[in-house]
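A short write-up of the structure that comes next.
The values are calculated or read from the model by the stated rules, or taken from the named source; none is laboratory data. All of these numbers come straight from a predicted model, not from anything done at the bench. Here the Cβ positions follow ideal geometry from the backbone for every residue, glycine too, while neighbour counts run over all protein chains shown.
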């Protein structure tokens, strides 16, 4: 059994969801260069299918996909079927309220345009989190 | 009248001889009498001369009614005393003779057995007395007695014309025994002769007396005239002066020691007087004229009112004019003064009336209800608008008016008896038409009298609902501004959002570029990188502008403050920032609660950012009341003990894209805050000491 605490870059699989093709493409390239395995989805439907069929180490999802705030659908699905999977919200709504709320709730949020360093940091933070439920899921 | 004269008897013999010529001489002798008293003695002498022993005259005293002996000849006083009698002793022959007015012989009445011849005499004359003649009267006593037309009582022997009391006498002659009838006839004729002469003399004396009486009367009148202070002038029908009193002489008679000017003045006075007389004499009755004469001795002018009346004789013929002049100088002067004062009073009245009209005009046009009350808090004046609110005294019908009156009474009483000169208080009254509650701001002042006591209070009521409407309009305008502001934000946000996505891709691509470029492309890559970062920053700032303003209405500022502090509680405690709340009681503020949330969020974050090592954050809210009791302000203070704002950017801290936070700050935070504050009609001020801390003071107007 692979130790869940091993955060080997090569092993980490992540899902990036965004409705912009170019964004997806460039993110995939950046993350793959970093050594992660990356899956992408353009729509929330796609993302939900993928989450259902596969477990990910991190799910990064834009809040506004084909419709405003449909990213939440994805997060709900993750929480439902893959509990314990760390999520990172990508959003363009950068105001202090949202920041504060996110901090209070302990949810990772990244504000577009996203600084790549911040992106890596957020991913590493997410991977460091204990995946108790993932252990369960993988078992 | 007659004095008892006792004449000695002449020699009897001699007298007998002279009898013949005696009769002729009797008349002569009687003629020689110049006074009526002399008649009887002469008569008695003649009687004795023709042979009668004795004779005397009895006189009637009309006042006492006594009959007394007067002149007598050959009679002793004791003898005469017997004949002392009264008018009412009619059994006495002498008295009865008098009453009968006929001579009579009384015989054997006394102890001597003598016979007495009694001859009564009263004043009788054939012709009228002169006065009666002049006045053409026929009731002269003398004539009446003569004709015997009316039997006059002795008591009536008074002349009606001149009120003169006539005489009544009885001549009593003792007859010798055996005296013949002829003798008696002779006696009688002598007596009658004497009576005629007596009557004539009496008539003259009577006139003399009358004249003397008249003289006395005239001099009395003269004295009266002289004593009168007013000039009195008597003039004849030709306006010639008949009589002047002393007062008149001062004006109309030239005094001795006077200048020529004085003499001219007196002449002039006379001229004026004559002129006045002429005009007055035209009217037949009493008339008056005003006359200004010069008093030469005093040298001043005197104003007279000349009152004149015509005088006429007893038969109605005009005899002249009597003029009395009253000094009315003072009177006229007083009258003029009174008139002048009356004129001044009228002018003052007019001025007062104008002022009052002007005041009424002002009051009517002020446009606010005005109430004037007296020192007992009782209303003395309502302007028309106040009348609508409080009604007239008797309008107890409408309940709204009654309530309003009650409230007004309470308000006025409280103010009038308080110690303040002025006050501003709200007063809630009821609109009579709709019964809706209307809030007024009552502004009252006191008017003091000269003694410093309250004489009146004036209260002006300002309809706050009008103000409120105004503020409502202002608020709506502000909200519109807010909307525009928000819309702008939204627009910016939308644009930014649209830009965001391509930007994301470009950014990622730039990141991926290194290693894939030719070495020559390195500086170009650097440029790409730098500019990319700049664009990123701008877009981030613009996305920060996006806000969703939902609801505008009254909200509690304290609640928003609490929400914000709750929101940032963890962050603040993590940063070691101690929060102090000093929240006062606040009225609701009309505006956007969401926008206020943003304001406080921005400021709390700024404060937190300035206190990286921790510190203290103070949030204070306070309600400041205004003097009119209605308009106030909400003050909010957000102060920290952080690093402060450097003075070089402090001045422009509220401008967009100015930040003290370096790259972390959007530079728009305070700009947004100021925009929101101003949209709510408020103001924001900042004070900062680098190294000590920063304090922001926000102030918003609020209408209670």
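Within the option set B:444, B:455, being in contact with a strand residue (DSSP E or B) (Cβ under 7 Å, 6 or more places away or on another chain), surrounded by fewer than 18 Cβ atoms within 10 Å (Cβ to Cβ), assigned by TED's automatic domain parsing to the domain that holds residue B:416 and touching a residue at least 24 places away in the same chain (Cβ under 8 Å) holds for one residue only, B:455. Of the residues making up the range B:308-323, those that are farther than 16 Å from residue B:244 by Cβ and touching a residue at least 60 places away in the same chain (Cβ under 8 Å) are B:314, B:315, B:318, B:319.
The condition of being within 10 Å of chain A (Cβ to nearest Cβ), at pLDDT below 80 and surrounded by 12 or more Cβ atoms within 10 Å (Cβ to Cβ) holds for only one of B:547, B:570, B:478, that being B:547. Which residues, taken from the range B:481-536, are within 14 Å of chain A (Cβ to nearest Cβ) and within 22 Å of residue B:675 (Cα to Cα)? Answer for the range B:481-536, where residues must be within 14 Å of chain A (Cβ to nearest Cβ) and within 22 Å of residue B:675 (Cα to Cα): B:486, B:489, B:490, B:492, B:493, B:494, B:495, B:496. For the range B:23-30, the criterion of a residue being crowded, with 21+ Cβ neighbours inside 10 Å, out of contact with any helix residue (DSSP H, G or I) (no Cβ under 7 Å at 6 or more places or on another chain) and modelled with pLDDT of 75 or more is satisfied by no position.
Residue B:194 meets the stated requirement of being crowded, with 16+ Cβ neighbours inside 10 Å, touching a helix residue (DSSP H, G or I) at 6+ places or on another chain (Cβ under 6 Å) and closer than 30 Å to residue B:127 by Cα.
Kindly evaluate residue B:559 against the criterion of being modelled with pLDDT of 85 or more, out of contact with any strand residue (DSSP E or B) (no Cβ under 9 Å at 6 or more places or on another chain), away from every other protein chain (no Cβ under 14 Å) and surrounded by fewer than 17 Cβ atoms within 10 Å (Cβ to Cβ). Answer is yes for this residue. Applying a threshold of 7 Å to beta carbon distances and a minimum spacing of six or more residues, or different chains, the list of pairs starting in the range B:579-599 at a residue that is within 14 Å of chain A (Cβ to nearest Cβ) and ending at one that is part of a strand (DSSP E or B) and buried (at least 16 other Cβ atoms within 10 Å of the Cβ) reads B:593/B:555. The number of residues in the range B:580-625 being part of a strand (DSSP E or B), under 27 Å from residue B:485 (Cβ atoms) and within 60 Å of the chain's Cα centre (by Cα) comes to 2.
Does residue B:270 satisfy the condition of being assigned by TED's automatic domain parsing to the domain that holds residue B:247 and assigned to a helix (DSSP H, G or I)? Taking the combined requirement at face value, the residue satisfies it. Here is the figure for the range B:626-651: residues that are assigned to a loop (DSSP other than H, G, I, E, B), modelled with pLDDT of 85 or more and touching a strand residue (DSSP E or B) at 6+ places or on another chain (Cβ under 6 Å) total 4. Taking helices (runs of 4 or more DSSP H) as the structural unit, those lying wholly within the range A:75-139 and holding at least 2 residues that are modelled with pLDDT under 80 correspond to A:96-105, A:132-138. There is no residue in the range B:66-83 that is surrounded by fewer than 19 Cβ atoms within 10 Å (Cβ to Cβ) and modelled with pLDDT under 80. Only one of the numbered conditions (1) surrounded by 14 or more Cβ atoms within 10 Å (Cβ to Cβ); (2) within 27 Å of residue B:318 (Cα to Cα) is not met by residue B:262, and that is (2).
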